[in-house]
Structure formats: C-alpha cells, structure tokens
Amino acid sequence: MVATLFIDGVWKAASDGAVHDVFSPHDQRVVAQVSQASQSDVLDAIDAARTSFDSGAFTSWSFKERSALVAKIADLIERDSESIAQKESADTGKRIVEAQYDVADVVATFRHFAALGAKEHDRRVDVGLENVTSRIVHEPLGVASLIGPWNYPLLQIAWKVAPALVAGCSFIVKPSELTPQSAIALMGLIEEAGTPKGVANLILGPGSVVGNSLISDPRIDLVSFTGGLTTGRTIMHAAAQTIKKLALELGGKNPHIIFADANLDAAIDNSVTAAFLHSGQVCSAGTRLIVEKSIHGQVVDEIVRRAGQIKLGGPDDLLAESGPLISQAHLEGVTSYVNKAIAEGANLLIGGTRSTDPAHANGWYFLPTVLDDCLGSMHCVQEESFGPVMTVEVFETEAQAISIGNDTNFGLSGGVWSGDSAKAERVAKALRHGTIWVNDFGPYRPQAEWGGYKQSGIGRELGEHGLGEYLEIKHIWTNNVPSRSGWFSDPGHGGA
Ligand code: TXE
C-alpha cells in the first residue's frame, strides 16, 4: 500500500486507493509511486488543519517555542540532506550537486525563520495619553494552503512552511504532482520534530484535481502559491469569494542589461549562467539580454560560443552542466515558443530544438538557444519560456536601456552591468523589479525579501516580510483609567 498523504498526524493512502507514478525527466523511468488524493482526502486535510488551528494546540505556543521547533526541523533536514537531495534530483532530473545546493538552501531558510521568530514581535505605540497602553501584537493568520512548483520543489515549499510554522499557522502543503518526493520527506521530519497533529498536512495530486478546494474552501484563510501566471489568475479568482489573503510568486521575464563600460568577461559569463542554469527553469532566469549596441556583436558571439559548449546530462552524469526540462509537455511548449519567435522575425543563432544526442533520446533535453534581433513587441520577449532560451535586444542610451528593461508585465528580477557605479545605481533604482543585481546575477539570501512587482506576484517571501505574510496584526488599546467618552450629551445623567 502506498501511504504518502499526511493528514491529521497520520500517514494515509488515498481514500480511493489511487496512486500516481513519478517519472524521471532524464529517461522516463518511474522513480516513485505516490498516493493521489481524492476530493474527500483534501477536505479531510482542510478539516484537520482548521480543527488544529481553532483548538489553539499550536497557536498557544510562544514564538520562541515555535522557533525552536523550526530550528530542530532544520537540523533534521541537514541530517537527511543526502537522501533528500537524491529524491529531488530523481524527480527533477537536475544534477545531484544542484539538488545538494538546494537542500543546503532549505536548511538556511529554516534557520533564518527560526532566528527571526525568536526576536521580539510586539511593539508599543505612543498615543500621547498617560492613561492608555497601546500595543501592536502579531498573531498567526490561520489556515494556509501552500502550493509549490516543480523547478525548486523543496526550496519553494520551505519558503512557505518555515514561516508558517514560526507564525503558528496550520497548513496543507501541495507540491507539484511532478516532484512530490522531497515534500514527503520534509513532512516526515516535521512529524519527527514534534509538531502537534493536524498542524502540517500533505496532499498530493494534480492541481486540476485536488487544487480547487485548496484555493476556494472558506476554511482556508491564506493561499501561498509559486507557479505559473495562469494558475495564479485562477487562484486569485477562487480566493476572491472569501477574500483570502494571497501570496503569489508567478515568475518573470528578467532583463539583463550590459553597458559597454562593464567588465565584459564577467558580464558574459554571468549571462550564460543566468540564462542556462537549470535549463532556464528558474523564475529569475536572466533570459532577456539587453546589450549596448557598440558591444552587441562581441557579446553575442561569445555567448553563442559558450552556449554551444554546455554539456547536458542527467542526475548521474558527473560531467553534465545542465539537465533536462521537466516534462514532454514543457519541451513541446518551449519548442513552440522558439518556433513562434522565429516566425516573428527573431534570428536563431544556436539551439532551437531538443537534443539529438542518443544519450538524451528518452529525456526532455532542449539545447541552449540564443535568439538575436529581438524586439519588445515580440511574444518571445514578453512571455516566459521557462526554458534555456535567451532573447537579445540592443539599446543606445541609458534611458533606452531602462525603458526596454521595464517593458514587461512581469517584475521579478533584473541585472545591470556597468563600470560606472553611479549609472548602475540609477538604472537599478529605475527598474521596476523586486530584485536587482548590479555587476552580478542570481544570488539571493533568506535574510533578504524575494518577490515581484506587477504581474510577477503579490507579497514577499523570505526576509522579515516573508514571516509577516503568515501573521495578522492586532492593535490592543487599553485604557487604564476608564472614563465616559462624553461624545453625546446626556442631560439626564447625574454622574455615577
Ligand atoms: O505551473 P502550474 P506549470 C511558470 C513557467 C511554466 C508555467 C507553467 O512559465 O512554463 O508556469 O508551469 C498547482 N489549483 N512557472 O503548468 O500549473 C500545480 O499542481 C491549485 C513559474 O507546471 O502553475 C503545481 O503544484 N493548484 C514558476 C503548482 O500549481 C494548482 C515555477 C504549479 O503549477 C492548480 C513553475 C489549481 N487550479 C512554473 N493548477 C515560478 N514562479 O518559479 C495547478 N496547480
């Protein structure tokens, strides 16, 4: 029996016995079989989370106690990091070394929120009255649906689970149906650490089957979601019925601007990493290169040379530098994105198709691709491919670079390269994106907020704000010397 749902503190098979195969994107092997929740399992999980929250079993813990729990979970993840990385690598097809980096980041995320939670959260407000004590206190927001994607499965879930636990929320985790194994492992460690039953629940299955109740049930107070724009819209629509709080991270189309006065060797090398790391399946991938006209040929020639050298391979290929796309459907999506770009006038310089290497015959490998002569009006410049596809545009002035960099409905991240620090700072400030890297691209830390402007989402994860998403703010006004308000006249009143 496959019992990988975790509901009200118990590991369960799906109520109808349904199971779901997880396939390796590298060779289509079945790497795991997991339970696929039924609608009644989803309702049970929501019920368990709501009941545990309303019982006060976890909300009555102090911030310090919950932080200690989260610190303990961090230690357990670290203890099991190798086996978790193996699972993550098997599900996503990414190299084991990348999965190891991801798990280390998961541990750092739990430690960050444990440290943040242990700080003082309440504050006094000076209302200018001696007889009044005014306090701002923070309370757990309620029951949360935490829905994750497949590109960084455990990391994206960790950005939600760790603050939810510190805050004292109860929740239902739903990882992507394509990559469920690491979330199952995490749930086991949350249980082992001593989390009260019903606080943490795990539902597995496709969003189209199990998602609806998670985003619309009136007992859910918050939906935190990382995934595609279309699903984000569906969630906003469903959440509107009961005005749920929303935290959305919906990807980006991230401008990467190179001025002629930049350190070009570093800029080019970082451009290759920004666009082709994890085959572009990164919400902050720097796939939109915007380069000063005078250095366009030099930069593009070198990027094309480097793209042609990237070695693709699966989890066990020690020489591999990047892995497969997640699924056949995604490979087809990236292929049609490139074909449409060419039809619109983009100039394909390299790649553009799936790999024909016999070693990749059963996997979803797409060649690193560079599309030159792109314009802001093109679909390929405006839409996220989520594949290893770089588009190239040119600019001649600083104002033009800013205008092109902001010509997008997304606003997650961007980069600017220049040897002129004042210019770089001006551009960094003018770009309407949630993270800007200057003379760098890609690094982040759990201590710094992460999230998007415009249609890249709502709210922020990580940093201090990432905990705030899971807290309600209450103002308590206490009059220590009660007296009449005296607002309305009261002629009959003789004093009491
Ligand atoms: O994402 P989905 P998909 C982008 C990227 C990619 C595109 C589509 O451009 O090509 O999105 O990817 C769950 N109710 N990003 O289709 O569907 C689903 O089961 C509730 C950017 O794989 O958004 C999974 O757990 N849940 C991104 C999660 O949503 C639903 C990372 C994400 O899947 C649901 C991934 C529903 N109705 C893709 N429908 C990023 N921001 O980093 C689906 N889900």
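Using only the Cα atoms, work out Rg/Rh for the range 358-443, with Rh taken as the Kirkwood radius, to two decimals. Write out the running numbers ahead of the final one.
On the way: Rg = 15.3 Å, Rh = 14.7 Å.
With Rh from the inverse mean 1/r over Cα pairs, Rg/Rh is 1.04.
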Proximal lysines to residue 311, defined as alpha-carbon separation beneath 16 angstrom and excluding residues fewer than eight positions away on the same chain:
94
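Normalized C-alpha radius of gyration of the range 251-401, against 2.2 N^0.38 Å?
Taking N as the residue count of the range 251-401, the ratio is 1.00.
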What percentages, rounded to whole numbers, describe P(r) for the chain computed over all alpha carbon pairs with 20 Å bin width beginning at zero?
23, 51, 22, 4, 1
Mind computing the radius of gyration and Dmax over the alpha-carbon atoms of the range 1-87? Å is fine for both.
16.8, 48
Would you mind checking 253/474; 87/119; 119/423; 244/454; 64/474 for any pair whose Cα atoms are more than 31 angstrom apart?
253/474; 87/119; 119/423
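With 26 Å as the cut-off, how large is the P(r) tail for the range 27-163, expressed as percent of Cα-Cα pairs? Kindly include the intermediate steps, with their values, before the conclusion.
Details: 3957 of 9316 pairs.
Roughly 42 percent, rounded to a whole number.
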Aspartates and glutamates within cross-link reach of residue 429: Cα-Cα under 17 Å, excluding same-chain residues under 8 positions apart?
398, 407, 420, 440, 449
Fewest-first ordering of 113, 410 by Cβ atoms within 10 Å yields 410, 113
In degrees rounded to 10, the 0-90 angle between helix 229-239 Cα long axis and the longest Cα principal axis of the chain is 20 degrees
Show me the ranking of peptides 364-374, 24-34, 54-64, 222-232 by mean Cβ neighbours inside 10 Å, starting with the highest.
364-374, 222-232, 24-34, 54-64
Could you work out how far helix 39-55 tilts from the main Cα principal axis of the chain, as a 0 to 90 degree angle to the nearest 10?
50 degrees
Helix 181-192 sits off the longest principal axis of the Cα atoms of the chain, rounded to the nearest 10 on a 0 to 90 degree scale, by 30 degrees
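None of the figures in this text is laboratory data; all of them are computed from the coordinates on show. Since this is a predicted model, take the numbers as computed values, not measurements. Because the Cβ atoms are built from the backbone with ideal geometry, glycine has one as well, and the counts that use them run over all protein chains shown.
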